[in-house]
Structure formats: structure tokens, C-alpha cells
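Have a look at the structure below before the remarks.
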Amino acid sequence: MSFALSQTQSYPAWRSRWVFILAATGSAVGLGNIWKFPYITGENGGGAFVLVYLLCILLLGIPVMLAEVMLGRRGRQSPVNTMRQLTSDAGLHGFWRSIGWLGVLAGLLILSYYSVIAGWALAYIPEMGKGTFQGAGPLESQVFFDALLADKGRLLGWQSLFMLLTVGVVAFGVVKGLGVAVRILMPLLFILLLAMLVFAYRHGDFGGAAAFLFDFNFSALSGRSVLEALGHSFFTLSLGMGSIMAYGAYMPATASIGKTVLTVAMLDTLVALMAGMAIFPIVFAHPDINPAAGPELLFVSLPVAFGAMPGGLAIGMVFFILVSIAAWSSAISLIEPAVAWLIERRGFNRFTANILLGLVAWALGLGTILSFNDWSGFTLGGFTFFGAMDFLTSRILLPLTGLFIAIFVGWIMPHVTVKEELNGNNSLMYPLWLWVLRYICPLAIGVVLLVGLYDTFAMAS
Ligand code: PHE
């Protein structure tokens, strides 16, 4: 199709497949890998959960990611306009454009709370350096964390700083800003994580952690755990939100989407497992730290361990720098789809679009900040503002968009187009991929979505 070619020429493309891999990995690797994966693994009993999570990445995440990147490269525009273009080219119903819209909306909502949590990680960097946690017990650590959450001004300051860092990169555009940033950030992240691993190996209970993560004890696994693994495989690969679609638009026309997607998914999984192997040895080396502590594992439990270990001051700082970097490159991808859309559709320049959307997400983030202090007693259907945002995005919006993508690519879009873009003519994997996308993905995502909706009503009533 001619539009794809002409758009290719006018649209800024990544210089190589590797920049796409770095950018997509930067998007995928974030708080989801370093904060959420370890704590939900801890809560769900370890090994069996990890196994189910790996299966979900393979059966659900990779096929949907392939579909999303394919759509992006075919459309070569922001997710909203990519969907507009693809549907009108094929004479399809305008309903499918909602894939782009839902993505833009989900991105801004996620960014609003993501920036607050990333702000915590930023706040911990100087605290680690000052030695706040040296010799502190779990109780003192909890008191510190609670005090941080109660302090609106501090939360706002760190959240604003994080937001500035994010819009700062996006303002420079795709090639200069994103391309350069990920080329520096991603290798740095890997090096820091490796350093953490070596440290955990030397000073933690490495064997205990390995047993916890890789001994498949199925008795600890519940139906809810499986759903959680399913939902998380989506969040961690940045699917169902247009991020990966928007990055796909910048991918060189000749690169193999299949190989590229496999690389990104493998890197993301590797980082999650490495984060697990960096955190749990430290947790297990300290008997009074509970691996099932939940969201606090990173911010309450871990600093205690850092405070008690030799060299903990420096390694603790390194660790929170790492978390901030990972969150930063994800946040960039959360805002990019909306920025690209404003530029194309409304004729904004990149700078203004970026500032405007950054302000929207920043303002929405105030709700999340207040939900930890002034508004903590104010709930709607059992949710605080933060809880509602989190639930709405990861349990409803992302699965919904993902479901639409699987159905659209699997059943609605003309097969010749899909096959052509994926170069699927002589690939053995192509029919297998299509089958999984048509049958397994809609079913599995549909279940996550239905349970999510059921939970919403159950909590509201
Ligand atoms: N994948 C990111 C993480 O694991 C979060 C994210 C979700 C980023 C959706 C972009 C889009 O933290």
C-alpha cells in the first residue's frame, strides 16, 4: 500500500532496529519489573507464580505485542491516527479507532500515578545517601515511609521533578530525545542491576532466593494468582496502551518484527527475574523481613536490609537510582502516544504538546498524592483515588484495548495486510501466532476483564 511507503519517508524513523529494541525495552522495563514483580511474586508464594507469569508472557504478551508493533509500523502515525488510517483504508467500522483513543487515555491516567510512585524512588536516593536507614529496624523504616506519604509537599516536589525529567526528554523528540536517552539509560540500567546481583550473591541468601523463585510449589497458587500473572504480563510489556504501537511507528521498514519483539520480551523478563534475584537474597538474609510484605517490599523492607549490610549506603543509593531510571524510560513512553497525536492532529509543536499533556498528567497526579494523606479516608466504591486509577487502568483499560487489538488483528483486519507487514509468507511461526491471537488471547484477556468488572461491581455494592 502506498500510504505506508510515503509515510515511512516523511516520518522520523529510528536509525536502526536496535534503537527500537532499546526504546521498547525502556518502556517495558519499569516499576512493573523492579517494584511490582518482586512484591506480587512474594505475595503469591514464589515459584509457581513465576512459572505461570512466564507462560503468560509467552502465550499472551508476545502475540499481542507482535500485533501492536505491526499495527504501529503499518500506520506510521500516532496510535489514534494509525487506527483511523488502517480502518478507513480497509473500509472498516470506525469503532476500531477506539483502540487508539483508549490507549491515549490509559497512558495519561497511568502516568498520573506512575509519576508519584517514581517520585518515592527519587526521594529515597538522597535518604539512602544520608544514611537514614543505617541500623534502622522495620518499625523505623515504616515510620519513615508513612511520614513521606503524609507529607503532601514532599510528594509533590518529587513527583514534579520526575514529571519534568520526563517531559524534558520527550520535548527533544523521537530521534534526539528518546533515541539518545534510551541508548544511555538502558545499558546503565543493566550495569546497575548486575552490580546489585553481584552484591546480593556475596551478601545475601542467594540459594534461598533461587529456591523461592524457581521451585514450583503449586499449592501456593490460587485462581487469583493466575489472573494477577495474566494482568501483569500485559502491564510489564507495556501492552494495550499504544506505547508499543507508537514506537512501532518509528521502526525501520525492513526490520523483522518477530525477532525484535522476541528480543524485547526476553529482555523485559530477564530484568524482572534479575530484579527478583537482586531483592530476595537480601530479604531472606534478614529473618524479620517478610517476602509477602506487598507494595512496601521495596520501600519499607528493603531499606532495612540496606541499612544493616556492609556497603548498604552506596548500594541502596545505586538501587533507587536504578528504579528511577527504569521508571523514567517507561514514563517517556506513556506520554509519547498522546504527544504524537496532538502534533499530527491539532498542529501543536512537540514542545507545547508535551508541556500541555505533562500538565494534565501532573494535575491528575495530585489526586494520587492526596489519596495518601488528606483524602485517604475518602473512597469511592472501596477505592481511594490512587486505587481507582490503578484498577481502572491495569484491570480494565489495558485489557480492554488488548482485547480489541487481538480481535482486530486476528479477525477483522485484512489478512493480506497483516501477512505482508509481518513478512509472514514463508514463516512457520506465522500460522501459530495467528491461531494463538485469534483464540487464546481473546479468551484469556476476556476472563481478566470480566473478573475485573465483576470486582468493580462487587466492591461498589
Ligand atoms: N511496562 C511498564 C512497567 O513495567 C509500565 C508501562 C505500562 C509503561 C504501559 C508503558 C505502558 O513499569
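The values are calculated or read from the model by the stated rules, or taken from the named source; none is laboratory data. Owing to the predicted nature of the structure, the values given are computational and were not obtained by experimental measurement. Here the Cβ is made from the backbone with ideal geometry for all residues, glycine too, and neighbour counts use every protein chain on show. Side chains are part of the model used for accessible areas, which takes the heavy atoms of the whole protein and leaves out ligands, DNA and RNA. Shrake-Rupley method; radii C 1.70, N 1.55, O 1.52, S 1.80 Å.
Output the relative contact order of the chain, whole-number percent, from Cα pairs under 8 angstrom with separation of 6+ residues.
34 percent
Starting at the first residue of the stretch 88-99, write each ³J(HN,Hα) from the Karplus equation 6.51 cos²θ - 1.76 cosθ + 1.60 with θ = phi - 60°, in whole Hz, x for Gly and Pro.
3J(HN,Hα) across the stretch 88-99, in whole Hz: 6, 4, 8, x, 8, 5, x, 3, 5, 5, 4, 4.
Using only Cα atoms, find the angle between the long axis of helix 257-284 and the longest principal axis of the chain, and express it within 0 to 90 degrees, rounded to the nearest 10.
So the inclination is approximately 10 degrees.
Across the stretch 122-197, what fraction of all alpha-carbon pairs, as a whole percent, falls in each successive 5 Å bin from zero upward?
Spelled out per bin, shortest first, that is 3, 12, 14, 17, 17, 17, 12, 6, 2, 0.
Work out how much length GLU140 to MET266 would gain on full extension: take 0.36 nm times their residue separation and subtract the Cα-Cα distance, in nm to one decimal.
Once the chain is fully extended between GLU140 and MET266, it gains 41.5 nm.
Note the angle between two axes, namely the Cα long axis of helix 62-75 and the longest principal axis of the Cα atoms of the chain, as a number of degrees from 0 to 90, rounded to the nearest 10.
Tilt of helix 62-75: around 50 degrees.
What number, in percent, do you get for the relative contact order of the stretch 166-286 if the mean sequence gap of Cα pairs under 8 Å and at least 6 apart is divided by its residue count?
50 percent.
Enter the accessible area per residue of the stretch 46-87 (Å², integer; probe 1.4 Å; all protein chains in place).
Dividing the accessible area of the stretch 46-87 by its residue count gives 17 Å².
Out of residues 5 or more away from GLN77 or on other chains, whose amide H comes under 5 Å of its own, with H placed 1.01 Å from N in the peptide plane?
Under 5 Å from the amide H of GLN77: THR82.
Towards the positive end of the charge dipole of the chain, with charges on Cβ (+1 Lys, Arg; -1 Asp, Glu), say which of VAL418, LEU357, ALA48 has the farthest Cα.
Comparing the listed Cα positions along the dipole, VAL418 ranks first.
With a 1.4 Å probe and every protein chain kept in, tell me what percent of the accessible surface of the stretch 253-325 is carbon plus sulfur.
73 percent
Which parts of the stretch 138-160 would a label at ASN373 reach, counting a residue when its backbone N lies under 14 Å from a point 7 Å out along Cα-to-Cβ?
145-160
Note the angle between two axes, namely the Cα long axis of helix 17-28 and the longest principal axis of the Cα atoms of the chain, as a number of degrees from 0 to 90, rounded to the nearest 10.
50 degrees
Along Cα→Cβ, 7 Å out, is where each label goes; now give me the distance between the ones at ALA150 and LEU55 in nm to one decimal.
Between ALA150 and LEU55, the simple spin-label model gives 4.6 nm.
How big is the accessible area of HIS93 in square angstrom, nearest 10, if you roll a 1.4 angstrom probe over the protein chains?
Ignoring ligands and nucleic acids, HIS93 comes out at about 130 Å².
Can you pull the percent of the stretch 42-199's accessible area that's carbon plus sulfur, 1.4 Å probe, other chains left in place?
73 percent
Considering only protein heavy atoms, what per residue accessible area in square angstrom results for the stretch 305-403 with a 1.4 angstrom probe?
About 37 Å² of surface per residue is accessible.
Suppose the Debye formula is applied to equal point scatterers at every Cα of the stretch 309-348; what is log10 I(q)/I(0) at q = 0.21 Å⁻¹?
Relative scattering, expressed as log10 I(q)/I(0), comes to -0.68.
How big is the chain by the Kirkwood estimate over distinct Cα pairs, in Å?
So the Kirkwood estimate lands at 22.3 Å.
Work out the FRET efficiency for SER222 and PHE95 from their Cβ-Cβ distance, taking R0 = 45 Å, and round it to the nearest 0.05.
Efficiency, rounded to the nearest 0.05: 0.80.
For the pair PHE172/ALA253, report the inter-label distance in nm, with labels modelled 7 Å from Cα in the Cβ direction.
Here the modelled spin labels are 2.9 nm apart.
What nm distance separates the two modelled labels at ASN423 and LEU161, each placed 7 Å from Cα along Cα→Cβ?
4.5 nm
Using 16 Å as the cut-off for backbone N distance, which residues of the stretch 246-279 belong to the label zone defined by a point 7 Å from the Cα of ARG438 along Cα→Cβ?
none
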